[in-house]
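Inspection log for the structure reproduced underneath, given as structure tokens.
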Amino acid sequence: MQEWIPIGVFVVGTVGVVLLYAAIVRFSERGDDKKLKKRLSELGGAASTAVDGAPESDLVKRRAAGPLSGLDRLLSRTNRGFRLERWLEQSGVGLSPSAVMVIAVAAAVVVGSLVAVLVRLPLAGLGAGAVAAAVPFIVVRQRRAGRLRRFEEHFPEALDLIGRAVRAGHGFTAGLKMAADELDDPVGPEFRKTFDEQNFGLPLKDALANLAERVPLLDVRFFATAVLIQRETGGNLAEILENLASVVRERFKILRQVRVHTAHGRFTAWVLLALPVGLCMALSVINPEHMNLLFNEPMGQTMLLTAATMQVIGYLWIKRVVRIEV
């Protein structure tokens with residue numbers, strides 16, 4: 001029991017320091033926001049309203065406020081930090097890079113300390129801490145992939161809607177607004193950003209380029225390129241959008257067929273990954289003394305770490321083999 005006291009004090013102290021720093025930073029940012037709003041109201045008298053009666057918060061781009069604003073500014077100046085910030089925006093989690101870093105560090109400290117105390121092997125604690133620190137980034141990656149997959153699935157609906165609007169005599173920007181109003185997340189909000197950017201003065205070419213950058217899908221790049229070429233050379237934009245929507249649907253259909261054919265390999269990977277864990281749990285219940293050797297002896301602990309590492313490598317290898325780009 002005494003071994004838990006210093007670990008508990010360390011964890012509580014770390015969390016307390018982080019929360020105190022976050023409170024100080026948040027209080028300072030609120031004071032700066034109040035000064036800025038007061039200055040804007042003195043200059044223009046219209047800081048709370050914007051063009052066409054839209055709230056100011058809808059016109060100003062805002063980033064997710066993190067607990068460590070200084071770390072956010074530092075990360076934004078690096079390539080990896082900018083990439084992480086872009087991933088967070090594409091995933092839709094509403095977190096800043098500093099928030100993800102704080103969560104990763106806290107998870108690494110807590111999980112690593114618990115594993116080190118329970119297993120009594122510092123190397124195991126370091127490995128568990130590294131895995132726990134990677135979990136928030138894995139979650140962000142999965143959320144990003146799911147959001148992009150939903151966008152790709154509903155993107156043909158947006159193309160059909162814009163194509164029908166153009167065929168009915170509306171302008172392309174009006175079609176963008178209709179897609180933004182009618183479609184749900186993530187397609188609607190992304191088209192809303194594109195419409196707002198070009199509506200408030202950004203050239204359509206740059207607005208579409210920003211859309212292709214926010215949504216890194218091949219279909220979106222085709223859409224942006226097709227629209228820009230049509231505006232320069234002319235042609236039937238409605239027919240172009242309808243053909244593009246048909247191509248996207250066919251490609252998505254082929255992708256689903258590929259997933260069906262590779263389901264056996266993916267299921268095999270999960271079975272091979274879960275079988276040793278399930279067997280270990282069953283033997284721990286049937287013959288605990290036999291399994292305790294793996295957890296108490298240094299050789300057994302080394303074997304467990306080696307087996308876990310090989311399992312992860314095998315799973316990643318099988319996942320790479322069954323991945324087929326369409």
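The numbers here are math on the coordinates, done by the rules we state, and not lab data. Remember, it's a predicted structure, so these values are computed and weren't measured experimentally.
Overall shape: oblate for the stretch 262-322, with the ratio a/c of the largest to smallest alpha carbon gyration tensor axis at 1.5 or above and b/c at least equal to a/b.
In order along the stretch 130-145, the phi-based Karplus estimate (6.51 cos²θ - 1.76 cosθ + 1.60, θ = phi - 60°) of 3J(HN,Hα) comes to 5, 5, 5, 5, 7, 4, x, 6, 5, 4, 4, 5, 5, 5, 5, 4 Hz; Gly and Pro are listed as x.
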